[in-house]
């Protein structure tokens, strides 16, 4: 799929978050004007500080659940505002539900007002603890609606339903992308997700804390690949939902061991209690993304983990450095 003509105006809600900031960066690089909207509840303005002063880039601090207004024309709305890590959404349950409900409503309203395409960042968590493996887009999921994770799972499921309703009843041009376990630079060291936790612990020489017996699986996708998939959907007319993720599946114990090896750490691995409703398996079927979007993940997991480890090493060894530009490499050299 060819890239659109540059010069569009794109609104990215949650644009100062981990994934949102990478989207903003890529959009600016290709010549789009970008309005980055964030209330900085879990996002960090430092994630997009390097974009300030770039032509067409603007930050708007606002709470999407209260209002959203952009005076200029808008061509595309990418709705990525939400707490995304369990540590965050368990601390912010009502806020997570509000941004998935009221925030999505306001973002859809903006897109309708501007006659813009709207893309919802949904998640593999809509599949819950899946009874089908791998997960295809036609699987309805296995979600506990009153469990601790429901504040995120059900917020995203409702957001999908609301997006679909706007498409079917209001004629809005919409797309839904279901994102699987993205990782890379700009994740917060203490955000509670497995990869930043393991990397932080390994670099500090602390025990790596694996939940349960470590046999549960995830499929990790490097952020550059996720951004490419999101923009492939955003730049076309595909309504989705479409899975964007890496079908390469690994156990949590295997992931911890890989990170320990790549960091050269001698940290021990210890096992802690597994969280309630933690999915036992996770792997996307990406056939639809390949067929409809021409998208495939391109960054091997080891390469992506090396880049992420190097970025964390630079971040943790001293004062903050420009996003994505670590001071030194610490991961072992590639074999061969």
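The values are calculated or read from the model by the stated rules, or taken from the named source; none is laboratory data. For clarity, every value in this text was computed on a predicted model and none was experimentally measured. Because the Cβ atoms are built from the backbone with ideal geometry, glycine has one as well, and the counts that use them run over all protein chains shown.
Taking the stated definitions as given, is residue 43 touching a residue at least 12 places away in the same chain (Cβ under 8 Å) and either at positive phi or part of a helix (DSSP H, G or I) (or both)?
The answer is no for residue 43.
Name, by its number, the condition in (1) in contact (Cβ under 8 Å) with a residue 12 or more places away in the chain; (2) in contact with a strand residue (DSSP E or B) (Cβ under 9 Å, 6 or more places away or on another chain); (3) surrounded by fewer than 24 Cβ atoms within 10 Å (Cβ to Cβ) that does not hold for residue 152.
Failed condition: (3).
Being more than 14 Å from residue 198 (Cα to Cα), surrounded by fewer than 21 Cβ atoms within 10 Å (Cβ to Cβ) and touching a helix residue (DSSP H, G or I) at 6+ places or on another chain (Cβ under 8 Å): is that true of residue 297 here?
No.
Take segment 272-284 and flag every residue that is surrounded by 15 or more Cβ atoms within 10 Å (Cβ to Cβ) and in contact with a strand residue (DSSP E or B) (Cβ under 6 Å, 6 or more places away or on another chain).
If the condition is that a residue be surrounded by 15 or more Cβ atoms within 10 Å (Cβ to Cβ) and in contact with a strand residue (DSSP E or B) (Cβ under 6 Å, 6 or more places away or on another chain), then 274, 281, 282, 283, 284 are the ones that fit.
Matching residues to (1) part of a strand (DSSP E or B); (2) under 25 Å from residue 25 (Cα atoms); (3) under 22 Å from the mean Cα position of the chain (by Cα):
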| site | (1), (2), (3) |
| --- | --- |
| 53 | no, yes, no |
| 67 | no, yes, no |
| 95 | no, no, yes |
| 118 | yes, yes, yes |
| 125 | no, no, yes |
| 130 | no, no, yes |
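Can you find, within segment 1-36, the residue that is modelled with the lowest pLDDT among those that are in a loop (DSSP other than H, G, I, E, B) and under 25 Å from residue 181 (Cβ atoms)?
1
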